[in-house]
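**Q** I'd like to ask some things about the structure below.
The values are calculated or read from the model by the stated rules, or taken from the named source; none is laboratory data. Values in this document were obtained by computation on a predicted structure and should not be read as measured data. Please note: Cβ atoms are built from the backbone with ideal geometry, for glycine as well, and neighbour counts cover all protein chains shown. Just the protein is used for accessible areas: all its heavy atoms, side chains included, with ligands, DNA and RNA removed. Shrake-Rupley method; radii C 1.70, N 1.55, O 1.52, S 1.80 Å.
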Amino acid sequence: MNLPAFRQAALAVALSSVALVPGAAFAETLSIWARASSSNAAQHMIDLWNAGHDDKIELTTIPDNQMVTKLATSVQAGDVPDLISFDLIFMPDFMKAGLLTDLTDTLSADPNQAKVAKAFRDLASYEGRLYGTGFTPDVSILLYNKGLFRQAGLDPEQPPRTIAELQQFATTIKEKVPGAYGYYFSGSCGGCNIFTQAPMMWGSGAVLLPTSGDAPAMEGPGVKEVLTMLKDMWEAGIVPESAEADTGANFQATFETGTIGMQGSGGFAIAALKANHPEIEFGIAPLPGIAEGQASSFVGGDVIAVPKGARNPEKAIQFITWQLTDEAQLEGLARNLILPSRSDLADNKYFQEEPRYITTAQAVGIGQTPYAFHFNDMVNADQSPWLTMIQTAVFDGDVDGAIEGAREAMRAIAAD
């Protein structure tokens, strides 16, 4: 055999040997984009996957306020990642715009998908098709200071079960604890208030954001009642004056002063308070509605999806289904004190030593997320109808006018 022929034969043997190693010849490196605020949780899942799979995943962190534009322009340019993790509230807009891959056949056949919190399943559906699923959730809860409850003569193990009790407890704290306030909210932050006040409305039965120009908006029990409660507490001085101008910068910081009895917050508060303010004895409870048993929450966090035009859609879908398994949900999320997106895993071995995580995880299962197009315009913008309604009702005292104005403005946005 001459030397070139020998080399060809050797090369053929080497290639055939590689082909016999499972996965070796076809291993890929997949890309995933995740917004900055969820990248830590995403990295835990990626690390767990990479430790047990030949195909690897690399994370690129995208600033939160750039994700929407970056995905849209990347799909148009044909240069997208294999996977994308983004704020679930943008799911309706992305699906309607045709930016995501239809995952119906895979997800509808996966028994774990049926265990994902309903809020994720609802928000990832468009015209009867599924385009994504839950990935790294967060959720709103009622945060309360047990020390102030005790000083006010309230039972620190009995948080309010209705909005009437919330107002009553807040009043008692203000009256009986010198220097304390009963309640706090960031009055100039639309996102903060949809996260923390809206669940008390829709938990009571209200429909808030319209999906079209003639759809229900700001209607049903809970809307007027919650706004009136906030207005009354503001006028009575139960809420500190600093709340009116707070754009969210002091959303958590004010509670950390130890002078606030209650406020709506998120699951992230548990780790932050334990690490930075161990002197504050705090409790976690669902956000109440008008009647007992109407507790709810805002299910936030991220969904995961495959952008239209992804290079490795089949392997990307394998990761999506894997991250719904017990292994991924428990070892990738719960082990790191991150909430699972599957409601059936709320009470798990990693949360047993800190029951406040169990309460928070259970809120994911009972919570909702508004299904709306143009969510930013309706809620997050500086002069959004939602924020204008909060401010007009609470600080100007015109509850009925605020609701009607928001309804008209939201329907105009939805009709676009």
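**Q** Distance between Cα centroids, segment 114-131 to segment 132-171: provide it in whole Å.
**A** 29
**Q** What's the ranking of 373-381, 54-62 by average number of surrounding C-beta atoms within 10 Å, highest first? Let's see the in-between values first.
**A** Numbers: 373-381: 19.7, 54-62: 15.9.
Top of the packing list down: 373-381, 54-62.
**Q** Report the residues of segment 349-393 in range of a label on SER212: point 7 Å along Cα→C-beta, backbone N strictly under 20 Å from it.
**A** The answer is 370-375, 378.
**Q** A further question on this structure: Take every Cα pair under 8 Å in segment 157-310 that's 6+ residues apart, average their separations, divide by the length, and report that relative contact order as a whole percent. List each step's numbers first, then the result.
**A** Details: 219 pairs, mean separation 55.9, N = 154.
Value for segment 157-310: 36 percent.
**Q** Expressed as a rounded percentage, what relative contact order does segment 109-161 have, with Cα pairs under 8 Å and six or more residues apart?
**A** Working: 22 pairs, mean separation 10.9, N = 53.
Result for segment 109-161 is 20 percent.
**Q** To continue, here is another question. All other residues with a Cβ under 13 Å from the Cβ of VAL303 taken together, and with Lys, Arg as +1 and Asp, Glu as -1, what is their net charge?
**A** On the way: positive: ARG35, ARG121; negative: ASP87, ASP93, ASP122, ASP138, ASP302.
Taking every other residue near VAL303 into account, the sum is -3.
**Q** Let me ask you something else. Once amide H atoms are placed 1.01 Å from N in the peptide plane, what residues at a sequence separation of 5 or more from GLY261, or on another chain, have their amide H within under 5 Å of its amide H?
**A** Placed amide hydrogens put TYR181, GLY182, TYR183 under 5 Å from GLY261.
**Q** If you take the square roots of the eigenvalues of the alpha-carbon gyration tensor of segment 359-416 and sort them as a ≥ b ≥ c, do you get rounded (a/c under 1.5), prolate (a/b over b/c) or oblate?
**A** Because a/c hits 1.5 or more and a/b fails to exceed b/c, segment 359-416 counts as oblate.
**Q** Sort the following peptides by mean Cβ neighbour count (other Cβ atoms within 10 Å, averaged over residues), highest first: 393-401, 347-355.
**A** On the way: 393-401: 17.2, 347-355: 13.8.
Descending packing order for the listed peptides: 393-401, 347-355.
**Q** While we're here: Per the Kirkwood treatment, what hydrodynamic radius in Å, one decimal, follows for segment 340-387 from the mean inverse distance over all distinct Cα pairs? If you can, show how the numbers build up before the last one.
**A** Numbers: mean 1/r = 0.0774 Å⁻¹.
Averaging 1/r across every pair of different Cα atoms and inverting gives 12.9 Å.
**Q** Further, regarding this structure: Over the chain, with the other protein chains present, what is the accessible area per residue in square angstrom, probe 1.4 angstrom? Could you put the intermediate results ahead of the total?
**A** Working: 17300 Å² over 416 residues.
Heavy-atom SASA per residue in the chain reads 42 Å².
**Q** Assuming a strict under-16 Å limit between Cα atoms, what lysine pair count do you get for the chain once near-sequence pairs (fewer than 8 apart, same chain) are dropped? Provide the component values of the computation, followed by the final result.
**A** Details: LYS56/LYS315; LYS70/LYS308; LYS96/LYS308; LYS146/LYS174; LYS146/LYS176; LYS146/LYS274; LYS174/LYS231.
Close lysine pairs under the 16 Å cut-off: 7.
**Q** Quick one: compute the contact order of segment 223-355, relative version, from alpha carbon pairs under 8 angstrom and 6+ residues apart, as a percent. List each step's numbers first, then the result.
**A** Working: 54 pairs, mean separation 12.6, N = 133.
Value for segment 223-355: 9 percent.
**Q** Probe radius 1.4 Å, ligands and nucleic acids ignored: give me the carbon and sulfur share of the accessible area of segment 294-416 as a rounded percent.
**A** On the way: 2190 of 4820 Å².
Carbon and sulfur atoms account for 45 percent of the accessible area of segment 294-416.
**Q** Right, something else. Just to be sure I follow: if Rg is taken over the C-alpha atoms of the chain and Rh is the Kirkwood radius over the same atoms, what is Rg/Rh? Working shown, then result.
**A** On the way: Rg = 24.2 Å, Rh = 22.8 Å.
Rg/Rh: 1.06.
**Q** Label-point separation (nm) for ALA72 and LYS176, each offset 7 Å from Cα along Cα-to-Cβ?
**A** 5.3
**Q** Have a look at the DSSP beta bridges in the chain and tell me what percent are antiparallel, nearest 5. If you can, show how the numbers build up before the last one.
**A** Values: 25 of 40 bridges.
Just about 60 percent of them are antiparallel.
**Q** Determine the sum of side-chain charges near SER38: Lys and Arg each +1, Asp and Glu each -1, restricted to other residues whose C-beta is under 13 angstrom from that of SER38. List each step's numbers first, then the result.
**A** Details: positive: ARG35; negative: ASP64, ASP87, ASP138, ASP302.
Local net charge: -3.
**Q** Could you list the square roots of 5 times each eigenvalue of the Cα gyration tensor of segment 282-348, that is, the equivalent ellipsoid semi-axes, sorted largest first and rounded to whole Å? Intermediate results must be reported in sequence, preceding the final value.
**A** Numbers: eigenvalues 194, 53, 18 Å².
Value: 31, 16, 9 Å, ordered largest first.
**Q** If you take the beta carbon distance between GLN168 and LYS56 as r and set R0 to 60 Å, what does 1/(1 + (r/R0)^6) give as a FRET efficiency, to the nearest 0.05? Could the numbers behind the result be given before it?
**A** Details: r = 55 Å, r/R0 = 0.92.
Here the calculated transfer efficiency is 0.60.
**Q** In degrees between 0 and 90, to the nearest 10, how far off the longest principal axis of the chain does helix 399-414 point, with axes built from Cα atoms?
**A** Compared with the principal axis, the helix lies near 20 degrees.
**Q** Evaluate E = 1/(1 + (r/R0)^6) for ALA27 and GLU256, where r is the Cβ-Cβ distance and R0 equals 41 Å; express this FRET efficiency to the nearest 0.05.
**A** Values: r = 47 Å, r/R0 = 1.14.
The calculated FRET efficiency here is 0.30.
**Q** Debye sum, Cα scatterers, segment 118-251, no solvent: what log₁₀ I/I(0) at q = 0.09, 0.10, 0.17, 0.22 1/Å?
**A** The Cα Debye sum returns log10 ratios of -0.34, -0.42, -1.03, -1.42.
**Q** Place the peptides 262-271, 242-251 in order of packing, highest mean first, counting for every residue the other Cβ atoms within 10 Å and averaging per peptide.
**A** Values: 262-271: 21.8, 242-251: 16.4.
The peptides rank, most packed first, as 262-271, 242-251.
**Q** Can I ask one more? Quick check: net charge around PHE373, other residues with Cβ under 11 Å of its Cβ, Lys/Arg +1 and Asp/Glu -1?
**A** Working: positive: LYS96; negative: ASP93, ASP377, ASP416.
Neighbourhood net charge equals -2.
**Q** Checking the a/c ratio against 1.5 first, then a/b against b/c, what shape does the Cα gyration tensor give for segment 262-307?
**A** On the way: a/c = 4.11, a/b = 1.13, b/c = 3.62.
Judged from the Cα gyration tensor, segment 262-307 comes out oblate (a/c at least 1.5, b/c at or above a/b).
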